[in-house]
Amino acid sequence: TPFSDPNGVQEGSQRGVFVHGLTLVGARLMPRARALQPMRPGQLACKLPVLECVIVNLGQPMRGVYECPLYRAMHIDWARSDARGTNLVTMLLLPGGGAVDMWILNGVAVFCEFES
């Protein structure tokens with residue numbers, strides 16, 4: 001979305017929902033380049049801009065798109081997790097910039113709750 005600040009959103013999405021407050025760990029998302037980029041030295045995480053989330057039915061993997069896991073929290077709270085012990089919410093499709101394998105190997109993930 002063109003919104004970096006949730007206060008810039010004046011009305012709801014016509015296709016899905018706008019989400020803000022998520023933290024990306026292991027990479028940074030460059031809105032103008034519309035692709036994931038390596039983190040700067042000394043940087044672990046960055047706040048994501050406002051995202052427009054829409055439902056997508058994937059028959060086959062999309063080229064250049066990283067299927068990024070979205071977790072509830074950085075640290076698993078086993079008492080709040082389901083029977084399988086996971087806090088995975090869903091997978092987000094982020095523009096991988098052609099280097100999807102790199103993001104998988106780096107363990108890039110998005111978190112709803114992040115403690116630095």
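Taking 7 Å steps out from each Cα toward its Cβ at ILE55 and VAL89 produces label points 1.8 nm apart. The stretch between MET62 and LEU105, if pulled fully straight at 0.36 nm per residue, gains 13.7 nm over its current Cα-Cα span.
Read the figures in this text as sums done on the coordinates, not as results from a lab. The structure presented is a predicted model; accordingly, all values stated were derived computationally and were not measured. Because the Cβ atoms are built from the backbone with ideal geometry, glycine has one as well, and the counts that use them run over all protein chains shown.
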